[in-house]
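**Q** Would you mind keeping the following structure in view while I ask a few things?
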Amino acid sequence: MFEYAPAPESRDVVDIRPSYGLFVNGEWVDSPGGEREKTVNPASEEVLAEFTMATDADVDRAVTAARAAYDTVWSRMPGRERAKYLFRIARIIQERARELAVLESLDNGKPIRESRDVDLPLVAAHFFYHAGWADKLEYAGFGPAPRPLGVAAQVIPWNFPLLMLAWKIAPALACGNTVVLKPAETTPLTALAFAEICRQADLPPGVVNIVTGAGATGRALVEHPGVRKVAFTGSTEVGRQIARSVAGTRKKLTLELGGKAANIVYEDAALDQAVEGIVNGIFFNQGHVCCAGSRLLVQESIEGELLDALKRRLATLRLGDPLDKNTDIGAINSAAQLAKIRELSEAGEQEGAERWSPSCPIPDKGYWFPPTLFTGVAQSHRIAREEIFGPVLSVLTFRTPAEAVEKANNTPFGLSAGVWTEKGSRILWTADRLRAGVVWANTFNRFDPTSPFGGYRESGYGREGGRHGLEAYLDV
Ligand code: NAD
Ligand code: MG
């Protein structure tokens, strides 16, 4: 392996305030009763800033502001005018992309290469794409004059903080809704930076409101009676609670929850490409990806060859400083997530699977987990059934295509899957039978704002992105 000189991205481009209030009605406001929490850089445990834990009263203030903006301004504005704001936001995101990428990597721990080359371009693309829809909704296939819903309550996780914000806010605004969004408690900073971008774009006050906090704030938001639409991305457990609390109300709900995706490699697949796809599938973003290819299903005849190539490739991955442009694997987002990954990996060993990691120096400070491979995994093992949400791959084998499909579908989840083969007919045969919202063929983790994304069964319901994603924000 080549030794690379460190190539750190400068953090001087970001300006982090010591303390943040809430963004309500276009202003920064302090919470009268809210406590303060700290967000840290998971790569160093350094405190980055303090933020507010919004109370029920703060949430109420934000929903009231969003409702007023909906009634008086945003729902009345012609689509072509709303489009201009979305377009302006997209342009500002592009102009400030470097700053936002550094901020995301600092607060989340993901490598700068990913925040810079994947997250930020997609964030801008989501706003551009939905700017295009804002004045064309009558052609989207939901009737001649589709109406917005009202105030959207949006709760997002920590794995793609700004990208999940874009997935939520861009379609909501394009369709004429106003929003109150709550970022995750370990990664509030890019959402707070986005509040500044709304001001920079002269977005009318109250159209976007950002309330920070943890589960209690999220619950107060989704349960608020002034909300007409709830959009949640996160764990299946919290998704279930939200589904219960929304049942019987007039609120429309979309849930994007966990996954345990199968990545199926047939014996005729191009092996080097498949290896890259496997690595991208599970080690991208430290495996903190709901659609991660966490179960590798490899045809028995090529298991040895594939695993040798995969291990060689994993030995070249560089783990370390997320701001270094050479880094492939960054920090685990929080101590709690690290504990969960460790616990499940230990369970994997105890249940009899064989654990392997390349030799990989781990920094002294911060939260880290080496890329890890389990072979000899049985379908009954916890590491084959439960979402680990970390850089851990479980390898299973199969002999026939029918067995591959049966094993792939043997999960309560249904978010995504991958198929690797040279044969087009086999791709179609397999994809037809996989019960997953997204099936990638000879690629993995490929995203585009024009393409709907979502799952079924315990992975949730509703679609985000594309024409289909508009439906969740329209009264149809
Ligand atoms: P979580 O579901 O607890 O948190 C997601 C968001 O929901 C956060 O903003 C959180 O503050 C908020 N929240 C928590 N409780 C709430 C409640 N009762 N009502 C409303 N909002 C609430 O997820 P987590 O604890 O951060 O992660 C736990 C596991 O969830 C992970 O290990 C992973 O398996 C899964 N996860 C999935 C995704 C995904 O993209 N599908 C993202 C993050 C985490
Ligand atoms: Mg943080």
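What follows is calculated from the coordinates using simple rules that are stated; it is not laboratory data. Keep in mind it's a predicted model, so treat the numbers as computed, not measured. Backbone-built Cβ (ideal geometry, glycine too); neighbour counts: all protein chains shown.
**Q** Quick one: which of R240, R250 is basic (K, R), outside any helix (DSSP H, G or I) and either away from ligand 2 (no atom under 16 Å from the Cβ) or under 20 Å from the mean Cα position of the chain (by Cα) (or both)? Working first, answer last.
**A** Values: R240 fails: outside any helix (DSSP H, G or I).
Step by step, each of R240, R250 is checked, and only R250 is basic (K, R), outside any helix (DSSP H, G or I) and either away from ligand 2 (no atom under 16 Å from the Cβ) or under 20 Å from the mean Cα position of the chain (by Cα) (or both).
**Q** Report those strands (runs of 3 or more DSSP E) wholly inside the range 1-102 carrying at least 1 residues which are buried (at least 22 other Cβ atoms within 10 Å of the Cβ). Let's see the steps before the verdict.
**A** Numbers: elements: 22-24, 27-29, 36-41, 46-52.
Result: 22-24, 36-41, 46-52.
**Q** Residue pairs, Cβ under 8 Å, 6 or more apart or interchain, first in the range 297-316 and of a type in the set (S, T, N, Q), second surrounded by 14 or more Cβ atoms within 10 Å (Cβ to Cβ). List them.
**A** Once the first residue is of a type in the set (S, T, N, Q) and sits in the range 297-316, its partners that are surrounded by 14 or more Cβ atoms within 10 Å (Cβ to Cβ) give Q299/V265; Q299/Y266; Q299/E267; Q299/T397; Q299/F398; Q299/A404; S301/E267.
**Q** While we're on this one: Considering each of Q379, Q337 in turn, give the residue that is without any contact (Cβ under 8 Å) to a residue 60 or more places away in the chain, on the phi < 0 side of the Ramachandran plot and within 16 Å of ligand 2 (Cβ to nearest atom).
**A** On the way: Q379 fails: within 16 Å of ligand 2 (Cβ to nearest atom).
Testing whether each residue is without any contact (Cβ under 8 Å) to a residue 60 or more places away in the chain, on the phi < 0 side of the Ramachandran plot and within 16 Å of ligand 2 (Cβ to nearest atom) leaves just Q337.
**Q** Only residues that are surrounded by 24 or more Cβ atoms within 10 Å (Cβ to Cβ) and not in a loop (DSSP other than H, G, I, E, B): list them for the range 381-394, please.
**A** Of everything in the range 381-394, those that are surrounded by 24 or more Cβ atoms within 10 Å (Cβ to Cβ) and not in a loop (DSSP other than H, G, I, E, B) turn out to be I383, V392, L393, S394.
**Q** Kindly establish whether T443 is buried (at least 22 other Cβ atoms within 10 Å of the Cβ) and not hydrophobic (A, V, I, L, M, F, W, C). Let's see the steps before the verdict.
**A** Numbers: buried (at least 22 other Cβ atoms within 10 Å of the Cβ): no; not hydrophobic (A, V, I, L, M, F, W, C): yes.
Here the answer is no, as T443 does not meet what is asked.
**Q** Can you name the residue in the range 245-278 that is within 10 Å of ligand 1 (Cβ to nearest atom) and not acidic (D, E) and is also surrounded by the fewest Cβ atoms within 10 Å (Cβ to Cβ) among such residues?
**A** First pass over the range 245-278, keeping only residues within 10 Å of ligand 1 (Cβ to nearest atom): 245, 255-260.
Checking the rest, the ones that are also not acidic (D, E) come to 245, 255, 257-260.
Numbers: S245: 15, L255: 23, L257: 26, G258: 23, G259: 29, K260: 26.
Per the criteria, the residue is S245.
**Q** Shifting gears a bit: Every residue in the range 132-149 that is out of contact with any Leu (no Cβ under 8 Å at 6 or more places or on another chain) and hydrophobic (A, V, I, L, M, F, W, C), please. Lay out the reasoning, then the answer.
**A** Going through the range 132-149, the residues out of contact with any Leu (no Cβ under 8 Å at 6 or more places or on another chain) turn out to be 132, 135-136, 138-139, 141, 143-145.
Within the range 132-149, just A145 meets the criteria.
**Q** Mind listing whichever residues of the range 192-212 are buried (at least 24 other Cβ atoms within 10 Å of the Cβ) and in contact with a Lys or Arg (Cβ under 6 Å, 6 or more places away or on another chain)?
**A** V211
**Q** Considering only the range 97-150, state which residues are hydrophobic (A, V, I, L, M, F, W, C) and within 16 Å of ligand 1 (Cβ to nearest atom). Talk me through it step by step, then tell me what you get.
**A** Step one: list which residues in the range 97-150 are hydrophobic (A, V, I, L, M, F, W, C), which gives 97, 100-103, 106, 112, 118, 120, 122-125, 127-128, 131, 133-134, 137, 140, 142, 145, 149.
Within the range 97-150, V118, L122, V123 meet the criteria.
**Q** How many residues are buried (at least 24 other Cβ atoms within 10 Å of the Cβ) and within 16 Å of ligand 2 (Cβ to nearest atom) when one looks only at the range 165-185?
**A** 3
**Q** A further question on this structure: What number goes with the only condition from (1) buried (at least 24 other Cβ atoms within 10 Å of the Cβ); (2) of a type in the set (F, W, Y); (3) more than 28 Å from F283 (Cβ to Cβ) that F160 does not pass?
**A** With respect to (1) buried (at least 24 other Cβ atoms within 10 Å of the Cβ); (2) of a type in the set (F, W, Y); (3) more than 28 Å from F283 (Cβ to Cβ), F160 is out only on (3).
**Q** Mind telling me which of the residues G213, G234 ends up being in contact (Cβ under 8 Å) with a residue 60 or more places away in the chain, closer than 20 Å to L22 by Cβ and within 16 Å of ligand 1 (Cβ to nearest atom)?
**A** Working: G234 fails: closer than 20 Å to L22 by Cβ.
G213 is the lone residue from the list that is in contact (Cβ under 8 Å) with a residue 60 or more places away in the chain, closer than 20 Å to L22 by Cβ and within 16 Å of ligand 1 (Cβ to nearest atom).
**Q** Still on this structure: Exactly one of (1) buried (at least 24 other Cβ atoms within 10 Å of the Cβ); (2) more than 16 Å from ligand 2 (Cβ to nearest atom) is unmet by G215. Its number?
**A** Evaluating G215 over (1) buried (at least 24 other Cβ atoms within 10 Å of the Cβ); (2) more than 16 Å from ligand 2 (Cβ to nearest atom) leaves (1) as the failure.
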